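What follows is a set of notes on a single structure, which appears directly below.
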Amino acid sequence: MPDDQNDARNGARSQGFATRLTQLGRPGPRAHGFVNQPLVRGSTVLHPNLAHQRSQSALRHEQALVYGTHGTPTHFALENAIAEIEGGTRCQIVSSGLSAITTPLLAFLKTGQHVLVPDNVYGPTRRFCDGMLAGLGIATTYYDPMISADGLEALMRPETAVLFLESPGSHTFEVQDVPALSAVAHAHGARVMIDNTWGIHFFQPFSHGVDISIQAATKYIGGHSDIILGAVTVATDEDWVRLRDASMALGQYASPDDCWLALRGVRTLGVRLATQMEHGLVVARWLAERPEVLRVLHPALPGSPGHELWQRDFTGASSLFGVVLKPEFTVEAVAAMIDGMTLFGIGASWGGFESLVLPSTGSIHRTAGSGRFGGEIMRLHIGLEDPADIMADLERGFACLAGAAGG
């Protein structure tokens, strides 16, 4: 990256997060024109002469106008914004959150190599490892997400090329010791990747030893449950070249319309994160006192797995967490509770403005001995509704839970 861009980036990082979110991916507050970056769509790029076409085509790893799949100014603005949010240098926008996982895995793994993946990983990540990676001759070992550095050391092989992290993990929200585990991986020459969708800005991956950070931009960056996007951010030029080459070889591309909407979502990201964190903590603490609840799996609450690591490494908390109900409540009773609520939507995804609920039964697949929780689990996403209304809706649900359980 040119020195003048580095200087501008370092200067911007001295400003507050909320200030940076208003400026990222814009020409500047004093530039003549409209406030927002214009939407640029296109496939074919025309050049003034053949020499210009050839010079631009040679810049495959840069933000050059070559062809639509290489990116447009709309893509570039969003990529620069997300790289800034995560503290990296380069970002590749891809078609979905799952593509943001599969693309770097394919970029940094080859036949005969080995990847370590936490046992609580996002279900489609597990399916990809057990399916496509296995078919390519790439072995996967699943490990307990709360593994120690010594425990991870025992799992490393000469052919281990990637340590994959997801912290907090899907459905059960264990926080991993990212710096310690990353140090082990680096000592063996392995790359460290993390699914940082929950952490987004609250966890700065590159200052904790991570090499490649993954975001489902569908979630908080979009913020309105109406786009599907993924982002992969790196810190080094070496990793950028491999990631960019793999992305282009796979034909990864995202709609510029969705990129424009995501860039607009960035402007309100700070206030949404702060409000939803506050609402989520109010609801989580209230739930922790409920007689029906065995425990609340929220990294910011004492007793949640890895809470001390969250305190050490994170600057805030997301609005997604799990609730473990007491063992006397059956799958059917939990279904009655969820069906009895009127404010919570029943749907996948999270990070939007609306509250959501899903039972975790059937979504948790563990093979490394980390699957004992003591009761049925629900996953809650807390939106921008008034917390009093959210808790009143949960009260309605608990009444249905008790009725279904015969209480």
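The values are calculated or read from the model by the stated rules, or taken from the named source; none is laboratory data. Values in this document were obtained by computation on a predicted structure and should not be read as measured data. Every residue, glycine among them, receives a Cβ derived from its backbone with ideal geometry; neighbour counts consider all protein chains shown.
Which residues, taken from the stretch 305-339, are in contact (Cβ under 8 Å) with a residue 60 or more places away in the chain and either assigned by TED's automatic domain parsing to the domain that holds GLU174 or charged (D, E, K, R) (or both)?
ASP313, GLU328, GLU332, ASP339
If the requirement is being surrounded by fewer than 19 Cβ atoms within 10 Å (Cβ to Cβ) and not assigned by TED's automatic domain parsing to the domain that holds PRO359, which of these qualifies: THR172, THR141? Explain how you work it out, then say what you get.
Working: THR172 fails: surrounded by fewer than 19 Cβ atoms within 10 Å (Cβ to Cβ).
Going through THR172, THR141 in turn, just one is surrounded by fewer than 19 Cβ atoms within 10 Å (Cβ to Cβ) and not assigned by TED's automatic domain parsing to the domain that holds PRO359: THR141.
I'd like to check something: does the stretch 288-299 contain any residue that is under 18 Å from GLU174 (Cβ atoms), touching an Asp or Glu at 6+ places or on another chain (Cβ under 9 Å) and not in a loop (DSSP other than H, G, I, E, B)? Show your work before the answer.
Here is the first cut: in the stretch 288-299, the ones under 18 Å from GLU174 (Cβ atoms) are 288, 294-299.
Now drop any that are not touching an Asp or Glu at 6+ places or on another chain (Cβ under 9 Å), which leaves 297, 299.
From what is left, the residues that are not in a loop (DSSP other than H, G, I, E, B) are 297.
Yes, because at least one residue in the stretch 288-299 is under 18 Å from GLU174 (Cβ atoms), touching an Asp or Glu at 6+ places or on another chain (Cβ under 9 Å) and not in a loop (DSSP other than H, G, I, E, B).
Of everything in the stretch 292-304, what is hydrophobic (A, V, I, L, M, F, W, C) and either in contact (Cβ under 8 Å) with a residue 40 or more places away in the chain or farther than 24 Å from ASP393 by Cβ (or both)? Give them in sequence order.
Matches in the stretch 292-304: LEU294, LEU297.
If you go through the stretch 191-200, how many residues are over 10 Å from the mean Cα position of the chain (by Cα) and in contact (Cβ under 8 Å) with a residue 60 or more places away in the chain?
2
If you take the residues of the stretch 45-102 that are of a type in the set (Lys, Arg) and more than 17 Å from the chain's Cα centre (by Cα), which of them is farthest from ASP258 (Cα to Cα)?
So the residue we want is ARG54.
Can you report the number of residues in the stretch 1-24 which are within 15 Å of ALA81 (Cβ to Cβ) and either more than 29 Å from the chain's Cα centre (by Cα) or at pLDDT 75 or above (or both)?
Within the stretch 1-24, residues that are within 15 Å of ALA81 (Cβ to Cβ) and either more than 29 Å from the chain's Cα centre (by Cα) or at pLDDT 75 or above (or both) number 9.
Identify the single condition in (1) of a type in the set (Gly, Ala, Ser); (2) part of a strand (DSSP E or B); (3) in contact with a Cys (Cβ under 9 Å, 6 or more places away or on another chain) that ALA81 does not satisfy, given that it satisfies every other one.
(2)
If you check ARG285, ARG290, ARG312, which single one turns out to be modelled with pLDDT of 95 or more, within 24 Å of SER349 (Cα to Cα) and over 19 Å from the mean Cα position of the chain (by Cα)?
Exactly one of ARG285, ARG290, ARG312 is modelled with pLDDT of 95 or more, within 24 Å of SER349 (Cα to Cα) and over 19 Å from the mean Cα position of the chain (by Cα), namely ARG285.
Given the conditions (1) touching a residue at least 60 places away in the same chain (Cβ under 8 Å); (2) touching a Ser or Thr at 6+ places or on another chain (Cβ under 7 Å), which single one is not true for TRP350?
For TRP350, the failing item is (2).
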